[in-house]
Structures are given as C-alpha cells and as structure tokens.
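Supplied in structure tokens, the structure appears directly below.
The values are calculated or read from the model by the stated rules, or taken from the named source; none is laboratory data. Quick caveat: nothing in here was measured; it's all calculated off a predicted structure. Here the Cβ positions follow ideal geometry from the backbone for every residue, glycine too, while neighbour counts run over all protein chains shown.
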Amino acid sequence: MKIIKWIYTIFIGLFIFSACSNNDESEPVPDPVTEPVPILITSEIIGVWKPIKSAVVCSTGNEDIYNLDPCEKRGEIIFFNDSTMRISVTEAHTDICRTIYQATGTWMLSDDQLKLTIEGETEIPAFFELTNNILRIGGNDFGDDDRCDGDNLPSYYYTEYERAN
C-alpha cells in the first residue's frame with residue numbers, strides 16, 4: 001500500500017516539480033488560435049474531472065491499482081473552454097480533508113498529446129488517454145529500484161479521472 005501511495009505522490013510531483021525550475025526563462029505559451037486543435041477532441045476534455053484511482057502498469061501488462069479514498073476524490077482538474085485550467089489535489093491530514101496543491105495554467109491538445117503549462121513550466125505527460133468520460137494522465141519516470149508485479153519493471157503510471165459534469 002505504501003508503494004501505491006508513493007506512486008500517487010509521483011503524479012502530484014509531476015505538477016508540483018514541473019512548476020519549479022532553476023531556469024528563469026519561460027517558454028512561450030502556444031496560442032490556441034494560431035495552433036488549433038481538433039474540435040471534437042477539444043470539446044471532449046472541457047469540463048470538471050474527478051480522480052478515482054491511480055495505477056502502475058507493469059511490463060507484464062498487469063496493473064497495480066490504488067483506489068483513492070473519499071478525501072483524495074475531492075480533488076479535481078478543470079479544463080475551461082478558453083484553454084485555461086485549474087488543478088487541486090486533496091489529502092486527509094489527521095482526519096481532515098485538505099487541499100495540498102492548487103495551481104492554474106493553460107492546456108492544449110495537439111496530435112493526440114496534451115500539453116500543460118502550469119506556473120510557467122510546460123509539461124507533456126508521457127501517458128495521456130481520453131475515452132468517453134474517462135481521462136488518464138500519467139508518466140513513465142521511474143527510478144532504478146522501482147518494481148511491480150513481483151520483480152518486473154513498471155512501464156507507466158497514471159491517475160484516472162471521471163467526468164463530473
């Protein structure tokens with residue numbers, strides 16, 4: 001269970017650490033007017049998304065699933081129509097549910113890739129999947145000692161979100 005909690009922390013870290021940089025220069029934010037995205041895909045992501053589980057997919061194809069607790073499920077990602085976004089992550093601390101991370105930024109979909117710019121730092125998640133009312137965002141940045149499904153290497157991790165509106 002500690003490993004799964006750690007993996008969930010990686011996802012939080014994806015957003016927290018991508019917001020920190022030792023480089024004072026920021027990349028320009030793409031203009032959605034000059035770099036349009038497919039209308040169907042764009043309209044599918046707009047809305048409120050609530051996290052429901054985190055998973056690590058092993059090189060064997062098996063998934064180690066961590067179902068989020070009710071407090072963690074109170075977090076959300078909101079993709080607005082104007083290509084802005086807001087993210088909040090919640091966690092229980094001594095039986096009190098608190099927001100432990102909150103940020104705003106911009107988003108863009110292009111060539112089936114999601115590009116997020118949060119606090120001036122641009123991130124393209126290594127894993128992105130949007131089907132019906134399910135959104136999965138994750139990565140593949142594991143350490144050398146990370147193992148799953150016995151002694152196998154993990155392939156990628158993700159947090160799964162469900163459309164709330």
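Tally time: how many residues in the stretch 56-78 are in a loop (DSSP other than H, G, I, E, B) and of a type in the set (A, V, I, L, M)?
Selection size over the stretch 56-78: 1.
Quick one: residue 94 ticks every box in (1) at pLDDT 85 or above; (2) over 18 Å from the mean Cα position of the chain (by Cα) bar one, so which box is it?
(1)
Would you call residue 86 touching an Asp or Glu at 6+ places or on another chain (Cβ under 9 Å) and at negative phi?
yes
What single numbered condition from (1) within 17 Å of the chain's Cα centre (by Cα); (2) surrounded by fewer than 17 Cβ atoms within 10 Å (Cβ to Cβ); (3) not in a strand (DSSP E or B) fails to hold for residue 81?
With (1) within 17 Å of the chain's Cα centre (by Cα); (2) surrounded by fewer than 17 Cβ atoms within 10 Å (Cβ to Cβ); (3) not in a strand (DSSP E or B) applied to residue 81, the lone miss is (1).
Kindly provide the set of residues from the stretch 88-104 that are surrounded by 20 or more Cβ atoms within 10 Å (Cβ to Cβ) and out of contact with any Lys or Arg (no Cβ under 8 Å at 6 or more places or on another chain), ordered by number.
89
In the stretch 105-128, how many are surrounded by fewer than 16 Cβ atoms within 10 Å (Cβ to Cβ), under 14 Å from the mean Cα position of the chain (by Cα) and not polar (S, T, N, Q)?
2
Another question, if that's okay. For the stretch 43-100, how many residues are within 18 Å of residue 130 (Cβ to Cβ) and out of contact with any strand residue (DSSP E or B) (no Cβ under 7 Å at 6 or more places or on another chain)?
Counting residues in the stretch 43-100 that are within 18 Å of residue 130 (Cβ to Cβ) and out of contact with any strand residue (DSSP E or B) (no Cβ under 7 Å at 6 or more places or on another chain) gives 3.
Name, by its number, the condition in (1) at pLDDT 95 or above; (2) on the phi > 0 side of the Ramachandran plot that does not hold for residue 78.
Of everything listed in (1) at pLDDT 95 or above; (2) on the phi > 0 side of the Ramachandran plot, residue 78 misses just condition (2).
Are any residues in the stretch 129-161 of a type in the set (Lys, Arg) and in contact with an Asp or Glu (Cβ under 6 Å, 6 or more places away or on another chain), and if so, which ones?
136
With 117, 104, 159 as the choices, which residue is of a type outside the set (Lys, Arg) and in contact with a helix residue (DSSP H, G or I) (Cβ under 7 Å, 6 or more places away or on another chain)?
Exactly one of 117, 104, 159 is of a type outside the set (Lys, Arg) and in contact with a helix residue (DSSP H, G or I) (Cβ under 7 Å, 6 or more places away or on another chain), namely 159.
Rundown of residues vs (1) in a strand (DSSP E or B); (2) over 23 Å from residue 104 (Cβ atoms); (3) touching a residue at least 40 places away in the same chain (Cβ under 8 Å); (4) among the small types (Gly, Ala, Ser), yes/no style:
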| residue | (1), (2), (3), (4) |
| --- | --- |
| 125 | no, no, yes, no |
| 129 | yes, yes, no, no |
| 137 | yes, no, yes, no |
| 142 | no, yes, no, no |
| 146 | no, yes, no, no |
| 157 | yes, yes, yes, no |
| 162 | yes, no, yes, no |
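Let me ask another. So the check is Cβ under 9 Å with 6+ separation or different chains; which pairs have a first residue in the stretch 56-81 that's over 17 Å from residue 141 (Cα atoms) and a second one that's basic (Lys, Arg) and surrounded by fewer than 14 Cβ atoms within 10 Å (Cβ to Cβ)?
Short answer, once both residue conditions are applied: 66/5; 71/98.
OK, next. When residues of the stretch 46-78 are filtered for being under 13 Å from the mean Cα position of the chain (by Cα) and crowded, with 16+ Cβ neighbours inside 10 Å, how many remain?
10
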